[in-house]
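Enquirer: Handing you this structure, nothing more for now.
The values are calculated or read from the model by the stated rules, or taken from the named source; none is laboratory data. Source: prediction; values computed, not measured. Cβ atoms come from the backbone with ideal geometry, glycine included; neighbour counts cover every protein chain shown. Keep in mind that these areas ignore ligands, DNA and RNA; they rest on the heavy atoms of the full protein, side chains included. Shrake-Rupley method; radii C 1.70, N 1.55, O 1.52, S 1.80 Å.
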Amino acid sequence: MNVLILGATSAIAQAVARQFLLSATTPVKFVLVGRNDDKLALIAEDLIGRSATAAHVQVQDLTQLDAMDACISRAWETLGSIDVALIAHGTLPEQREIEKSWELTEQALRENALSHMALMEALALRMEAIKRGTIAVIGSVAGDRGRQSNYIYGAAKGATAIYAQGLRNRLTKSGVHLLTIKPGFVDTPMTESIAKKGLLWASPEQVAQDIVKAVQKKRNVIYTPGFWWLIMTIVKSVPEFIFKKLSM
Amino acid sequence: MKKESWSWGGIPKASHQVVNLRWRTDTINFAGFTASCLPYGLGRSYGDVPINDEGILVRTTALDRVIAFDAETGVLHCEAGISLGDILRVVVPRGWFLPVTPGTQFVTLGGAIANDVHGKNHHCAGTFGCHVLGFELLRSSGEKLWCTPTEHADYFAATIAGLGLTGLILTAKIQLTKIAANKIDVNNQAFNGLDEGLDLFEQHEDTTYTVAWVDCLTRGAQLGRGIFSGGEFSQTESRKNLATKRLAVPLDFPSFSLNKYSVQAFNNLYFANGKRKSGRGVTDYEPFFYPLDKVHAWNRIYGRKGFYQYQCCVPFGEANEGREAIREMLNQISLSGNASFLAVLKVFGDKQSPGMLSFPEKGITLALDFPNWGDKTQRLFDRLDAIVREQNGKNYPAKDACMKAADFQQQYPQWEAFAKFIDPKFSSSFWRRVTQENA
């Protein structure tokens, strides 16, 4: 199995890569894409130690939209073809800070939406041609409904989800699988500055197990952990005239 | 940080500032620390060994990467925050096992070294430290020392069983043990008294894994009855690693739920069940080595007041005084009625650990859990301490929250020599407690 991981240094991505190895029945080869050469090397070493047959490192800034096609092309060449691609990079911008700056807003949208779209498109083109493969993209429960506390991040994640939905519609006839992942609160470096930890918080390992299972079962959209489906169903069903008054 | 309970026993409460270490290549700004620090892994030490009240905990659990694993030789090099369970998931399917393992998989590699943990095979294999080939120790000066039995051998000896005080273990290399299967051929035998139990250990000297559960609420002739369990890795079964389901204890139990009667009932049932199931069988390695791991957060059974663990070892003595000492301890516990349903008996062998402050010594070891009943529990510990003192025995720092400074200094005469290796920026509540007063 050939696996491409975009944003490989993220905590969820590392856990997913390990989970692929634990559940794999065939040898697994990786291409790991990210910005930091040193960190990617540590992860590659780890995956080899955990039984991966290969782990190639590809240094790339994933916000350079023009370079995304070439990035996928290079990974594709390295592996021969790609069975599963996980798009896992992203940032959690500070709403209060970036809402005053179009430059920062644009950057947040590029990091959390446009980049994902460009990668999905580049992967879809190639997978359509061979009529197989899985694209898994990490969105967020924050993309399901805009809230005052993080609507720029939410808008980016929502855009990614809608884009993925449309693309899934297109890919169905070629048999290519597209999975949208909507995690809730996950205890990672990205959320380190948020102090509250409690029952709603999941570990990257829990989330990774859900993701790998969903890839194997060719699911369309998952909430992880699963109880977020219920929470978001309720959140989405609150009428707007009430919702707008809530402080969320 | 809001969290109060940092140790597995939940005592003492403490407050900390936490620094998360994510990459071993990151630089830690020790100079910027305004208080002393202590490495912190999965927090399975029971008492105040993992605690540094009002100080900083450097959390290492994200340093969990494999660096190299040679499936031919069984040499594994990992970052120190990896858990033993994670190591097993990687190595068991390829025919290897930990050389020594404590009763839980939720221990980091660094923690296993720093506490020089032991297991059911101590009489054959010694402690965890006996199988460490080397480790990288980060000092607060920024210096990184690669320590082996021959390179920086003094730091090697101080850091094994060094309770995290000599610096931060970044990576470690260990020698694993070859296995043919992931199953254990187990042989359980009920015994009706302490002597019978200890005789079983003697008879099974050549069995790799031996341990016994003891009912410490019985009296008279039945004092020290229990179930002996011997095991060997099976030669025939597959080595597929089976995932087991976990149960969880979602809340702290109310304190009245554990009392003399409920524990007595549990012990009676457990003994009867063990007696009924006596004999040979085959089991997966997980329930054999880690029976409690199936119940996540089992420490909450003891409620918010927390619990103590008491583990000591006493030498056999020339005229079997060791046996008598253990008998007297069981007697005192039974008389006190302080409930302990996790009483574990084991015989240590004479293999020396390289660690200066290592706990195990040839003799008998007894490990017990006690719910925190305040003064009553302390008075029982005083009586147990007196017996240990008389026999020149030792208490186990990894599980301790109560031992007197004078006892520690008596039991670990190398403590002053060890103190020279403590990193100037590192400290722990335990260390301050046991060294503040002089013997």
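Enquirer: Given points 7 Å out from each Cα along the Cα-Cβ axis, report the A:Gln165 to B:Asn192 separation in nanometres with one decimal.
Expert: For A:Gln165 paired with B:Asn192, the spin-label model returns 7.4 nm.
Enquirer: A further question on this structure: Which value in deg cm²/dmol, rounded to the nearest 500, describes the helix-derived mean residue ellipticity at 222 nm for chain A, given -39,500 (n - 2.57) per DSSP H run of n ≥ 4 and division by the residue count?
Expert: Computed mean residue ellipticity for chain A: -14000 deg cm²/dmol.
Enquirer: Taking the mean number of other Cβ atoms within 10 Å as a proxy for protection, how do you rank B:183-194, B:382-393 from highest to lowest?
Expert: B:183-194, B:382-393
Enquirer: Could you work out what % of the accessible surface of the range B:1-133 is carbon and sulfur, using a 1.4 angstrom probe and leaving DNA, RNA and ligands out of the count?
Expert: Ligands and nucleic acids excluded, carbon and sulfur reach 51 percent.
Enquirer: If you take the accessible area of B alone, add that of A alone, and subtract the area of the pair, what total do you get in Å², probe 1.4 Å, to the nearest 100?
Expert: 1400
Enquirer: Need one number: nm distance between label points at A:Ser73 and A:Lys131, each 7 Å from Cα along Cα→Cβ, rounded to one decimal.
Expert: For the pair A:Ser73/A:Lys131, the computed spacing is 2.6 nm.
Enquirer: Which order do B:Phe266, B:Phe341, B:Phe128 take when ranked by solvent-accessible area (1.4 Å probe, heavy atoms of all protein chains), largest first?
Expert: Putting B:Phe266, B:Phe341, B:Phe128 in descending order of accessible area: B:Phe266, B:Phe341, B:Phe128.
Enquirer: Could you give the length gained on full extension between A:Glu103 and A:Met248, defined as 0.36 nm per residue of separation minus the Cα-Cα distance, in nm?
Expert: 49.7 nm
Enquirer: About the Cα centre of chain B, what is the dipole size in debye to 20, counting +1 per Lys and Arg Cβ and -1 per Asp and Glu Cβ, all else neutral?
Expert: 1440
Enquirer: Provide the gained length on full extension for the span B:Leu269 to B:Asp375, in nm with one decimal, where the gain is 0.36 nm per separating residue minus the Cα-Cα distance.
Expert: Result: 35.2 nm gained on full extension.
Enquirer: What number in nm² do you get for chain A if you take the convex hull of its Cα atoms and divide its surface by four?
Expert: Directional mean of the projected Cα hull area for chain A stands at 13.4 nm².
Enquirer: Probe radius 1.4 Å, ligands and nucleic acids left out: which of B:Cys37, B:Cys124 has the largest accessible area, and how do the rest follow?
Expert: The residues order as B:Cys124, B:Cys37, largest area first.
Enquirer: Another question, then. What is the calculated FRET efficiency for B:Gln222 to A:Arg96, with r their C-beta to C-beta distance and R₀ = 51 Å, to the nearest 0.05?
Expert: The calculated FRET efficiency here is 0.15.
Enquirer: Whose amide H sits under 5 Å from the amide H of A:Ile135, counting only residues 5 or more places off or on another chain, with H placed in the peptide plane?
Expert: So A:Ile135 has HN proximity to A:Ala85, A:His177, A:Leu178, A:Leu179.
Enquirer: How much of the accessible area of chain A, probe 1.4 Å, is carbon plus sulfur, in whole percent?
Expert: 55
Enquirer: What accessible surface, in Å², does a 1.4 Å probe find on A:Glu106, ignoring ligands, DNA and RNA and rounding to the nearest 10?
Expert: Accessible area, nearest 10 Å²: 110 Å².
Enquirer: Amide H of B:Trp96: which non-local residues (sequence gap of 5 or more, or other chain) have their own amide H closer than 5 Å, using H built in the peptide plane?
Expert: Those qualifying (amide H under 5 Å, at least 5 residues apart or on another chain) are B:Ile179.
Enquirer: Evaluate peptide B:63-70: per residue, the Cβ atoms of other protein chains within 10 Å of its Cβ; return the mean as an integer.
Expert: Average per residue, whole number: 5.
Enquirer: Also, quick follow-up: Over all alpha-carbon pairs of the range A:163-211, lay out the pair-distance distribution in 5 Å bins, whole %, shortest bin first.
Expert: 5, 17, 21, 15, 11, 12, 11, 6, 2, 0
Enquirer: What are the ³J(HN,Hα) values, in whole Hz, obtained from phi via the Karplus relation 6.51 cos²θ - 1.76 cosθ + 1.60 with θ = phi - 60°, for each residue of the range B:311-321 in sequence order, with x given for Gly and Pro?
Expert: So the Karplus estimates, Gly and Pro as x, are 10, 9, 10, 10, x, 4, x, 6, 10, 6, 4 Hz.
Enquirer: Could you please report the charge total around A:Pro204, scoring K, R as +1 and D, E as -1 over all other residues with beta-carbon less than 10 angstrom from its beta-carbon?
Expert: Taking every Cβ under 10 Å from that of A:Pro204, the sum is -1.
Enquirer: Please work out the C-alpha center-to-center distance from the range B:73-138 to the range A:121-152 and express it in whole Å.
Expert: 40
Enquirer: Still on this model: Using a 1.4 Å probe, how large is the accessible area of B:Tyr302, given in Å² and rounded to the nearest 10?
Expert: Solvent-accessible area, nearest 10 Å²: 10 Å².
Enquirer: Taking a cut-off of 15 Å between Cα atoms, list the aspartates and glutamates near B:Lys351, but don't count ones fewer than 8 places away on the same chain.
Expert: Correct list for B:Lys351: B:Asp116, B:Glu205, B:Asp206, B:Glu361.
Enquirer: Now for a separate question. Largest first, what is the accessible-area ranking of A:Ser149, B:Ser234, A:Ser193 with a 1.4 Å probe?
Expert: Final ranking, largest accessible area leading: A:Ser193, A:Ser149, B:Ser234.
Enquirer: Filter the trypsin sites (Lys or Arg not before Pro) in the range A:107-151 to those in DSSP coil with at most 16 other Cβ atoms within 10 Å of their Cβ, and list the result.
Expert: A:Lys131, A:Arg132, A:Arg147
Enquirer: Still on this structure: When averaged across all projection directions, what area in nm² does the alpha-carbon convex hull of the range B:183-400 cover?
Expert: The orientation-averaged projected area of the Cα hull of the range B:183-400 comes to 13.2 nm².
Enquirer: Over chain B, with the other protein chains present, what is the accessible area per residue in square angstrom, probe 1.4 angstrom?
Expert: On a per-residue basis, chain B sits at 40 Å².
Enquirer: Shifting gears a bit: Taking a quarter of the surface of the convex hull around the Cα atoms of the range A:108-238, what do you get in nm²?
Expert: Spelled out: convex hull of the Cα atoms, projected over all directions, averaged, 8.3 nm².
Enquirer: Mind jotting down the distance between the C-alpha centroids of the range A:20-78 and the range B:153-205, whole Å?
Expert: Using only Cα atoms, the two centres lie 38 Å from each other.
Enquirer: Let me ask you something else. Given H placed 1.01 Å from N in the peptide plane, which residues other than close sequence neighbours of B:Ala190 have an amide H under 5 Å from its amide H?
Expert: HN-HN under 5 Å from B:Ala190: B:Phe228.
Enquirer: DSSP loop GluC sites (Glu not before Pro) in the range B:137-198 with at most 11 other Cβ atoms within 10 Å of their Cβ, which ones?
Expert: Counting only loop positions with at most 11 other Cβ atoms within 10 Å, the GluC sites (Glu not before Pro) in the range B:137-198 are B:Glu143, B:Glu151.
Enquirer: In cubic angstrom, how much convex hull volume per residue do the alpha carbon atoms of the protein assembly as shown span?
Expert: 176
Enquirer: On to the next question. Which entries of A:Lys157/A:Lys213; B:Lys362/B:Lys394; A:Lys182/A:Lys218 have Cα-Cα distances beyond 20 Å here?
Expert: Beyond 20 Å between Cα atoms: A:Lys157/A:Lys213.
Enquirer: Which lysines, on any chain, are close to B:Lys275 with Cα under 20 Å apart, when same-chain ones fewer than 8 places away are left out?
Expert: B:Lys346
Enquirer: To continue, here is another question. In deg cm²/dmol and to the nearest 500, what is the mean residue ellipticity at 222 nm of chain B if only DSSP H runs of at least 4 residues count, each as -39500 (n - 2.57), divided by the residue total?
Expert: Counting only the DSSP helices, I get -7000 deg cm²/dmol.
Enquirer: Follow-up question, since we're still on this one. How many nm separate the modelled label positions at B:Glu202 and A:Glu192, each set 7 Å beyond the Cα in the direction of the Cβ?
Expert: Computed distance between label sites B:Glu202 and A:Glu192 equals 5.7 nm.
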